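Notes to accompany the following structure.
The values are calculated or read from the model by the stated rules, or taken from the named source; none is laboratory data. Fair warning: this is a prediction, and the values are worked out from it, not measured in the lab. We place every Cβ from the backbone using ideal geometry, glycine too, and count neighbours over all the protein chains shown. Side chains are part of the model used for accessible areas, which takes the heavy atoms of the whole protein and leaves out ligands, DNA and RNA. Shrake-Rupley method; radii C 1.70, N 1.55, O 1.52, S 1.80 Å.
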Amino acid sequence: MTFPRLTRLPDQSFFLLGVRGVGKSTWARLQFSDALHIDLLDEARYQDYLADPSLFAADLQPAPPGSWVVVDEIQRLPNLLNEVHRHIEDRRLNFALLGSSARKLKAASVNLLAGRALHKAMHPLTPAELGDDFDLDTALDTGTIPLVWVAGERRPVLESYVRLYLREEVRAEGLVRNLPGFARFLPVAALYHGQVINTAGIARDCGVARTTVKGYLDVLEDTLLVVRLRAFQPRLRVRERSHPKLYWVDPGVVRAVKKLHGPIAPEERGALLEGWVLHLLRAHGEENELFNELHYWAPHPANRIEVDFLLRRGNELAAIEVKSQPRYHTGMLPGLRAIGELPGLVQRVLVYGGKRSFRTEDGIDVWSVARLQLVLAGNSFWPGDAQPGT
């Protein structure tokens with residue numbers, strides 16, 4: 001089963017990164033049916049290139065000048081990017097470079113083709129891509145990674161997916177030295193989904209040093225499983241909180257890492273929905289240039305006032321708060337009311353678990369989850385954009 005993806009085909013060479021099973025290879029096969037495909041998961045080919053990188057250049061020779069070449073799992077052999085660079089310059093080849101990790105690319109300080117290749121991301125499936133197949137409760141339970149979504153039995157596939165991550169991405173690639181410590185770290189890190197990161201607390205709970213936890217968080221981020229969302233820190237406002245919040249890229253992965261089964265508990269649903277909204281913002285926002293920056297807002301840590309997401313587009317700001325409760329009440333609004341005087345703020349939105357959408361007397365838009373999906377799919381989030389029907 002294939003889905004129409006939000007990812008658009010660039011007109012020049014590009015990196016396309018995303019977690020395993022997100023659909024990069026399937027998308028590339030559809031987009032580049034006549035291209036030369038080189039899959040570095042092919043162990044024989046990988047070993048050949050590892051022993052003699054010049055074989056990669058030899059395999060590129062049949063590609064006509066100006067044509068496309070797809071290289072899958074490029075992070076396995078980042079030194080090949082030097083040859084990619086040369087063939088872009090000398091033969092005007094175009095490359096689609098797919099990968100499930102940025103860690104080795106960054107660690108090797110390799111030629112990342114600055115100015116010659118765009119950097120794009122592929123995210124788990126969105127409602128716009130799933131269409132009538134989308135169901136929010138299912139998305140929050142087992143997530144929307146295509147590999148899992150199309151499975152006949154999603155739960156065991158999801159659990160195998162987490163084990164595959166430990167085996168393939170971490171152990172086989174040598175990303176950490178202490179695999180048992182990393183295995184203890186994962187469920188603790190999953191507990192921080194949607195929360196400000198406390199490295200000392202995580203280190204204490206999983207029995208490793210704080211510096212080790214920082215390294216483990218880097219591994220999760222570099223392998224694209226988590227996002228660290230920074231606090232909004234405008235100039236001259238030194239009281240803004242500096243610690244980032246942690247979000248996993250898929251709610252199903254969060255639940256699998258924590259070994260949670262069955263219906264979603266009310267106390268669990270809030271963080272899962274918040275993280276899923278972040279996923280929607282990133283998926284639509286990056287592809288459609290919806291915003292330039294994305295943060296959370298917490299100006300005074302002592303009084304615990306926060307807004308989940310603060311978007312910046314040029315000189316304009318938009319604030320989004322997420323609440324999972326199905327019934328609206330004014331107790332959901334303190335953060336959005338507190339942020340109201342922030343210079344440049346043009347939009348305040350509460351996304352909640354109910355079905356009605358309306359505007360409060362003080363100008364806060366209250367949207368159902370369905371309304372948010374419709375607005376983002378129509379690329380019409382900001383005031384002045386053409387609004388879809390309610």
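Considering only segment 347-379, state which residues are closer than 19 Å to ARG312 by Cβ and among the acidic types (Asp, Glu). Result: ASP365, single match. ARG210 satisfies every condition listed in (1) over 30 Å from LEU317 (Cβ atoms); (2) surrounded by 20 or more Cβ atoms within 10 Å (Cβ to Cβ) except (2).
Restricting segment 73-106 to residues that are open to solvent by less than 10 Å² (accessible area, probe 1.4 Å) and part of a strand (DSSP E or B) leaves a set whose member that is nearest to VAL219 (Cα to Cα) is GLY99. Look at segment 1-32 and say how many of its residues are open to solvent by 40 Å² or more (accessible area, probe 1.4 Å) and among the aliphatic types (A, V, I, L, M). Within segment 1-32, residues that are open to solvent by 40 Å² or more (accessible area, probe 1.4 Å) and among the aliphatic types (A, V, I, L, M) number 4. Among the residues of segment 286-337, just one is among the polar types (S, T, N, Q) and touching a residue at least 60 places away in the same chain (Cβ under 8 Å), namely ASN288.
Look through segment 283-308, keep the residues that are among the polar types (S, T, N, Q) and in a helix (DSSP H, G or I), and return whichever of them is surrounded by the fewest Cβ atoms within 10 Å (Cβ to Cβ).
Applying the filter and picking the extreme gives ASN303.
Within segment 33-49, if we keep just the residues that are loosely packed, with under 15 Cβ neighbours inside 10 Å and of a type in the set (A, V, I, L, M), the residue that is nearest to HIS85 (Cα to Cα) turns out to be LEU41.
A quick yes/no check of all residues on (1) outside any loop (DSSP other than H, G, I, E, B); (2) hydroxyl-bearing (Ser, Thr, Tyr); (3) open to solvent by less than 10 Å² (accessible area, probe 1.4 Å):
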{"position": "ARG204", "(1), (2), (3)": "yes, no, no"}
{"position": "ASP218", "(1), (2), (3)": "yes, no, no"}
{"position": "GLN233", "(1), (2), (3)": "no, no, no"}
{"position": "LEU246", "(1), (2), (3)": "yes, no, yes"}
{"position": "PRO263", "(1), (2), (3)": "no, no, no"}
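For segment 291-332, enumerate the residues that are closer than 16 Å to GLY275 by Cβ and modelled with pLDDT under 95. Within segment 291-332, GLU306 is the sole residue that qualifies.
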